[in-house]
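Q: There's a structure below that I have some questions on.
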Amino acid sequence: MGLFGKKKGATKACCCGGSCTPEAMEQAEGAKSAAGIKVLGSGCAKCNALEDAVRAALTELGMDAAIDHVTDFAQIAAYGVMTTPALVVDGKVVSYGKVLKKDEAKALIQGCKR
């Protein structure tokens, strides 16, 4: 009775469904190590709201850091994020799957910058 067995010929694919190239994954891994603040997401209203909250938090903290908005799904997957929007501070994912308020973003940024 092989109802739940492995399908014959099934191949293991990466998180993007196998449509990425090794060069694209290498580039995504390289971008991951860059320091700074990144918002990961497709560019939807929630992602933009997170970016606005982070921008307001940085202004309140007196920090002049650039915010990168990453929309490339290969780069997002390289962080291990499957639910957007996500916030990355100095290469570390600090929040994903929700829109942070300004005070929440401020606390996360301060915690990572110490």
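Derivation of every value follows stated rules applied to the coordinates shown; laboratory data play no part. Keep in mind the model is a prediction, meaning the values are calculated, not measured. FYI the Cβ positions are ideal-geometry reconstructions off the backbone, even for glycines, and counts take in every protein chain you see.
Q: Can you list residues from other chains, or at least 5 along the same chain, whose modelled amide H is less than 5 Å from the amide H of H69?
A: Amide H to amide H, under 5 Å and 5 or more residues apart or across chains, H69 pairs with V39.
Q: Sticking with the crude label model, points 7 Å out along Cα→Cβ, report the distance from K101 to A49 in nm, one decimal please.
A: In this crude spin-label approximation the distance works out to 1.3 nm.
Q: While we're looking at this one, here's another question. For a protection proxy built on the mean count of beta-carbon atoms within 10 angstrom, sort 62-68, 72-78 highest first, please.
A: 72-78, 62-68
Q: Say R0 is 25 Å: what FRET efficiency, to the nearest 0.05, do E23 and A65 get from their beta-carbon distance?
A: 0.30
Q: How much length is gained if the chain between K92 and D72 is pulled fully straight, taking 0.36 nm per residue apart and subtracting their Cα-Cα distance, in nm to one decimal?
A: 5.5 nm
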